Amino acid sequence: MSPNELDESAVPPSGDSRTTPTRRTFIATTTAVGGAVVAGGLIAGSPLLDTDEAVAADAAPASRVSLTVNGTRRTVTVDNRTSLLDLLREHFGLTGSKRGCNAGACGACTVLVDGHRVNSCLTLAVRLEGAEVTTIEGLSDGDRLHPLQQAFIDEDAFQCGYCTPGQIMSGVGCIKEGHTGSPEEIREWMSGNICRCGCYVKIVRAVEQTAGRK
Ligand code: FES
Ligand code: FES
């Protein structure tokens, strides 16, 4: 065996071989000790849960919530982590509200809660006990479109349409809040709604015209 082939653990580079561990022996020792601790934990720890207990321990906490969506009272039991967007889309089949970023940055999921616009992807459903939620599906009056929906059509304020439900719900909120004094003000207060197709000029015009008709 050449010097280069010497076992590092057998011949420490320097010092007292009884007290100075090499990198290799150190790793080997700590790995063995760690394994023993883990194994000890599994063996000597709390007894294994039976199947029902294990399922109960794994189950996510859920809550019952009653809210009104587009004029209809709904009561559901949902995982506490469920967002309003998931509640609307996955539980109620209201897919008009879109998932863009799922992180509060694009506005595609905008709905009204008690008249205020919110990003439904960031709103926990279980916190909406007793709330009134309005989505794009609940905006028209039967076959009669909401004035802002009609204005979007008249102004041709969309291309792919993915952002449009969120833009319209946000526009309704913007008008209600009175932030429509000028195109610049509308632009500022609609800035949380991103349009990848770049329809901003026409979107602002649609909001402006609808606000002017109030
Ligand atoms: S999906 Fe909610 S803000 Fe983008
Ligand atoms: S119309 Fe396509 S993202 Fe706005």
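Quick look at the values:
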quantity	calculated
Every pair of residues 6+ apart whose Cβ atoms lie under 7 Å, when the first sits in the range 75-87 and is not assigned by TED's automatic domain parsing to the domain that holds Gly130 while the second is within 16 Å of ligand 2 (Cβ to nearest atom) and part of a loop (DSSP other than H, G, I, E, B)	none
Scope the range 101-135; condition in a strand (DSSP E or B), under 16 Å from the mean Cα position of the chain (by Cα) and without any contact (Cβ under 8 Å) to a residue 40 or more places away in the chain; matching residues	Val118
Residues of the range 104-124 classified as away from ligand 2 (no atom under 16 Å from the Cβ) and either surrounded by fewer than 19 Cβ atoms within 10 Å (Cβ to Cβ) or over 11 Å from Leu85 (Cβ atoms) (or both), total	9
Unique residue being surrounded by fewer than 18 Cβ atoms within 10 Å (Cβ to Cβ) and in the same structural domain as Lys98 (by TED's automatic domain parsing) when the list is Arg196, Arg144, Arg127	Arg127
Any hit, the range 159-178, residues being within 14 Å of ligand 2 (Cβ to nearest atom), touching a Phe, Trp or Tyr at 6+ places or on another chain (Cβ under 8 Å), modelled with pLDDT of 95 or more and part of a loop (DSSP other than H, G, I, E, B)	no
Single match in Ile194, Ile186, Ile203, Ile136 (criterion: within 16 Å of ligand 1 (Cβ to nearest atom) and over 30 Å from Arg73 (Cβ atoms))	Ile194
Qualifying residues in the range 62-103 (those that are buried (at least 19 other Cβ atoms within 10 Å of the Cβ) and among the basic types (Lys, Arg)) - the one farthest from ligand 2 (Cβ to nearest atom)	Arg89
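The values are calculated or read from the model by the stated rules, or taken from the named source; none is laboratory data. Just so it is clear, the model here is predicted, and its values are computed rather than measured. Note that each Cβ is placed from the backbone with ideal geometry, even for glycine, and that neighbours are counted across all protein chains shown.
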